[in-house]
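> I have a structure I would like to understand better, so I am pasting it below and will then ask my questions one at a time.
None of the figures in this text is laboratory data; all of them are computed from the coordinates on show. Note that the structure is a prediction, hence the values are computed from the model and not measured. Quick reminder, even Gly has a Cβ in these numbers, built from the backbone with ideal geometry, and neighbours come from all protein chains shown.
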Amino acid sequence: MSFFKKLRDSIASKTESVTKQFKDGLEKTRKGLVEKVSDLVIRRKKIDEEFYEELEEILIGADVGVNTVMNLIEDLRVEVKKRKIEDAAELQPVLSEKLTGLLRGEQNNELKMNPDGITVILFVGVNGVGKTTTIGKLAHRFKQQGKKVIMAAGDTFRAGAIEQLEVWGQRAGVDVIKQQSGSDPAAVMYDAVQAAKQRGADVLLCDTAGRLQNKSNLMDELNKIYRVIQREIPDAPHEVLMVLDATTGQNALNQAKLFGEKSGVTGLVLTKLDGTAKGGIVVAIRQELDLPVKLVGLGEKIDDLQPFDSEQFVHALFAGLIQEQPAESAEEEEANS
């Protein structure tokens, strides 16, 4: 069975609305990556050195990452020789298959939930990446699942951060625990944990300050927050999610390397994927960081935050090509499976 057929069949069992969100959210990347690859295949037809060079440029332009692209091109060369591929069009499903493999990774990308008690999720990341918005959208998502959610306004230094979280609290119908602007974030976390216990919450979502100007201060602050939370809930936080803005491409990757080393990050959230043609950064991040992408922001609506799904991601990118695939007869299907 062809790769695109397998992918189409796999996606068929998933919610249509989620598939549409991935397709709509990745439209710019599809135009910037897949349509350029398709154009290259039509123009070149033959797989030669110039073909590989152009493909390399397209992939690097979509922020797939130089190291990842070099390895990917090398893999494609091996596959071309092994499968004796001559027509460039035959390389598209091979490229899609390789991208799916790179995106999938070994780690579990589901959010780790506390099976008996409050699940505490801490959010880290620099200002402006969409951290507060992500927390609000995730609160809404949990609320839709019937969970009682509380949010902690731990970013006490950024002007307007507490008010912004309160707006999201109202939208999602979730309580926000806060103190005055400029107060100690660890004290806010203490209050939030107490409130979560008293109110029988299932999930506590904690915002933190996002300043990189003074890294040691920031790390001290995070460590203090960890200690306060762990004193009250020993195995918490259950997730430390770093929020990255996909539109900043390689800069997001550098931030994750710089920030993630010492802050105990367990997973990544990539926001604003709908606003960039460089969605290939997801591939680069999966390859260069030993961290799973857990959630992706695919638009501005409250339900546009979705769990990351490598098959949905590749399906959304190659949607046009998948649609063009002819249905296989029963005999062909048997022969190819």
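> Hey, if you put +1 on the Cβ of every Lys and Arg and -1 on every Asp and Glu Cβ in the chain, which of THR208, PRO234, SER183 ends up farthest toward the positive end of that dipole?
It is SER183.
> Please tell me the relative contact order of the chain in percent, rounded to the nearest whole number, where contacts are Cα pairs under 8 Å and at least six residues apart.
Relative contact order comes out at 28 percent.
> How many angstrom lie between the Cα centre of the range 1-53 and the Cα centre of the range 251-307?
Computed from Cα coordinates, the inter-centre distance equals 20 Å.
> If you put +1 on each Lys and Arg Cβ and -1 on each Asp and Glu Cβ, how big is the dipole of the chain around its Cα centre, in Debye rounded to 20?
It works out to roughly 1020 debye.
> Further question: For the range 21-161, what's the relative contact order in percent, using C-alpha pairs closer than 8 Å and at least 6 residues apart?
15
> Quickly estimate the mean residue ellipticity at 222 nm for the chain, helices only: each DSSP H run with n ≥ 4 gives -39500 (n - 2.57), and the total goes over all residues, rounded to 500.
-16000 deg cm²/dmol
> In terms of the Cα gyration tensor, with a ≥ b ≥ c the square roots of its eigenvalues, is the range 155-200 rounded because a/c is under 1.5, prolate because a/b exceeds b/c, or oblate?
oblate
> State which entries of LYS137/LYS301; LYS143/LYS301; LYS28/LYS137; LYS98/LYS278; LYS5/LYS98 exceed 20 angstrom in Cα-Cα distance in the structure shown.
Over 20 Å Cα-Cα: LYS28/LYS137.
> Further, regarding this structure: So for each of 166-176, 183-193, 147-157, 43-53 I average, over its residues, the number of other beta carbons within 10 Å; can you give me the resulting order with the highest mean first?
147-157, 183-193, 166-176, 43-53
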